[in-house]
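Have a look at the structure below before the remarks.
Any read-out appearing in this document is the output of simple, stated calculations on the displayed coordinates, not a laboratory observation. The model shown is predicted, which means the values in this text are computed figures rather than measured ones. No Cβ is skipped: glycine too gets one built from the backbone with ideal geometry, and neighbour counts run over all protein chains shown.
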Amino acid sequence: MNQQVVLAIETSCDETSVAIVAGGSRVLANVVSSQVDLHARFGGVVPEVASRAHLELLEVVLQEALDEAEMTAVDIDAVAATHGPGLIGALLVGVSAAKALSVAWRVPYVGVNHMEGHLFATFLERPDLARPVVVLLVSGGHTMLVHLSELGRYRLLGSTTDDAAGEAFDKVARYLGLGYPGGPAIDRLSQEGRADAIAFPRGLLDDGLDFSFSGMKTSVINYVRKHPDTANADLAASFQEAVVDVLVAKTIRAATMTKAASVCLGGGVAANRRLRSRFAEAAAAGGFDCLVPDRAYCTDNAAMIAAAAAWRLSQDGPTGLDDGAAPNLKLPLID
Amino acid sequence: MSLPLVVTTSSPSQTKALGSALAGLLGDGDLVVLAGDLGAGKTCLTQGIGAGLGVTGRITSPTFTIANEHIGRIPLHHLDVYRLDQLEETLDLDLPELLEHGVTVIEWGEPFLPALSEDRLIIRLFLGPDDDDRRIEFELHAGFVDRLDALRVAIAPWSVSC
């Protein structure tokens, strides 16, 4: 088995992460230094703060990853970085560092699509997961259902028509004054509230595989304007339930329609506890094999970037050093 | 100088239709600044503008990526600068270059007005008394003032009689 060692850097949003992965799935180090505390003051990711913080943190995180893997430069066979999608300034920090290391260490550079990285997170834990797989990718910037028949062959089954699920969580949390990041805040507060307290609409629930969360967000705002005394915990729990209902129902529908063997969850919102438990229950009820990855592999991390990089390198060879960062990069689809 | 003009819509689809009607007034180099609270319909209005400009792809919220570009009969640059907290950060967006080609729509753009072109259409969206009601106000500045009559005609179907 090919035990090529890939060092990967992830700086597309607010996590600075460096990982070292051997043979595409054996994680030797996966260090994540979150900038969330920095951004909490501003109520969201502030791009300029993000790029500066990545710059300051990267060297420390890199050294920690090498120490944890008990490796030095000579042990690394390739260096990878997320080159999109994400915030341009933040992406550039990781891409520039990876290119510099590739030149200094005389190893190939691989630019990785962040979304493809999330898909590969699946195979870090279960390289044998039965295919085809329907993956629900949910994060602050994305909500998509991806059908994966084999590595590199992705079909987009559905995606959001307006806000991403994580964005809706963030915006509702902002409106309720719950702070940033909004997803974990709503997850926590929901524990104390009733999920059936308020019947928020389920956007596009019975309509195809696309998503719409903007109207659900607005319905929370409208409800609060009319019922200002409602407990935040009930609002949070009921809104979370509405979002989870839609995400779970559409994943199962997509898996059924495409006769998938398994379903899988990925992206930052996949760390949400209610989504994780409801997703696993629904998959079991539908007779699908199911993977809900460790939370560390759902949120942004460089291990998944290293996994995707190892495969991309074997398929496409190294990425040119003149290839830059692409903030609006799309997942490569087969149709 | 500026002149306030007001319309009301009573559904997201009406707000989109209003956006499409506005697109007829817009061309290369135009700047539209959108103001309004969460849920007021800024992205919804932009979806309508995009449809009117011939964008066939999906126009989703630019909150995460800050700037999205859409290809239409005229390109649409759709920005959300809520997360930027300093004027200087708008320099990274290379606005002068964006403004050369296509229509630029900036959500949450008001705090950045000093950094933006004087020639602009400011649209303010407000939540109305009923869930789906929106009050939408227009302000034409500098080069846009010439289009006052055309704007009145375009928004007439939703105009409020004062």
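Structure values in brief
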quantity	calculated
Tilt relative to chain A, helix A:165-176 - C-alpha long axis, 0 to 90 degrees, to 10	60
Average Cα contact separation per residue, chain A, under 8 Å, 6 or more apart, as relative contact order %	24
Selection from B:V103, A:G23, A:T258, by position along the positive dipole direction of the protein assembly as shown (Cβ)	A:T258
Label-point gap, in nm, between A:D206 and B:F126 - each point 7 angstrom along Cα→Cβ	3.8
Listed residue pairs exceeding 22 Å between alpha carbons, taken from A:K171/A:K226; A:K226/B:K16; A:K171/B:K42; A:K217/A:K250; A:K259/A:K330	A:K226/B:K16; A:K259/A:K330
Per-q log10 I(q)/I(0), the protein assembly as shown, q = 0.07, 0.08, 0.10, 0.13 Å⁻¹ (Debye; single scatterer per alpha-carbon; no solvent)	-0.38, -0.50, -0.78, -1.26
Residue of A:V31, A:V243, A:V103 that the Gaussian network model of chain A assigns the largest fluctuation, springs spanning Cα pairs under 10 Å	A:V103
Rough spin-label spacing in nm, given labels placed 7 Å along Cα→Cβ, for A:D128 and B:E97	5.1
Peptide B:39-49 - average C-beta neighbours from other chains (10 Å radius)	2
Peptide-level mean, for A:214-223, of C-beta atoms on other protein chains within 10 Å	4
Those residues of segment A:53-91 whose amide nitrogen sits under 12 Å from the label point placed on A:A326, 7 Å along Cα→Cβ	A:83-86
Chain B: relative contact order in percent, alpha carbon pairs under 8 Å with at least 6 residues between	35
Pair A:A284, B:A115: separation of 7 Å Cα→Cβ label points (nm)	5.1
Sum of -39500 (n - 2.57) over DSSP H runs of 4+, divided by residues of chain A (222 nm, nearest 500)	-14500 deg cm²/dmol
Extension gain from B:V160 to B:D146, taking 0.36 nm per residue of separation minus the Cα-Cα distance	2.9 nm
Cα-based helix-to-principal-axis angle, B:12-23 vs chain B, degrees rounded to 10	70
Degrees separating the helix A:47-69 axis from the principal Cα axis of chain A, which is the longest one	60
Computed E for A:S314/A:A261 - FRET, C-beta separation, R0 22 angstrom, nearest 0.05	0.35
Mean separation of Cα contacts under 8 Å (6+ apart) over length of segment A:130-296, as relative contact order %	28
Bins of 5 Å, starting at 0 and running to the largest distance - Cα pair percent for segment B:2-154	2, 10, 21, 25, 23, 15, 5, 1, 0
